[in-house]
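Reviewing the structure listed below.
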Amino acid sequence: MPALSVLLPVRNAGAYLAPALASLWRQTFRDFEVIAVDDGSSDGSGERLERAATAEPRLRVFHVPHAGLPAALNLALDR
């Protein structure tokens, strides 16, 4: 189990995902996972997350119908 979990709620954030994930992967502390929750995006964010997860095993992706930021964060926390 990783020492740290980064919770990443995503809703139509396709333009920002690549830089955000790149920033995470550049961290010198390596014992972490990223739990991304696609909150019903309609801009391809979920598909971008899935593609990124194929290259980075620390990225876990979950998809839910749009329920808002608190619900997405709570789901990530549960995982």
Any idea how many residues of the stretch 24-57 are in contact with a Pro (Cβ under 7 Å, 6 or more places away or on another chain), open to solvent by less than 60 Å² (accessible area, probe 1.4 Å) and not small (Gly, Ala, Ser)?
4
Taking the stretch 21-64 on its own, how many of its residues are among the basic types (Lys, Arg) and outside any helix (DSSP H, G or I)?
4
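Taking Ser23 as the residue in question, decide whether it is free of Cβ contacts under 8 Å to residues at least 12 places away in the same chain and of a type in the set (Ser, Thr, Tyr). Can you show your working first?
Details: free of Cβ contacts under 8 Å to residues at least 12 places away in the same chain: yes; of a type in the set (Ser, Thr, Tyr): yes.
Yes: the conditions hold for Ser23.
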How many of the residues in the stretch 38-50 are within 20 Å of Ser5 (Cα to Cα) and either aromatic (Phe, Trp, Tyr) or free of Cβ contacts under 8 Å to residues at least 12 places away in the same chain (or both)?
1
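The values are calculated or read from the model by the stated rules, or taken from the named source; none is laboratory data. The model shown is predicted, which means the values in this text are computed figures rather than measured ones. Ideal geometry is used to build each Cβ from the backbone, glycine not excepted, and the neighbour counts take in all protein chains shown. Each accessible area value is taken on the protein alone, full model and side chains, heavy atoms only, with ligands, DNA and RNA left out. Shrake-Rupley method; radii C 1.70, N 1.55, O 1.52, S 1.80 Å.
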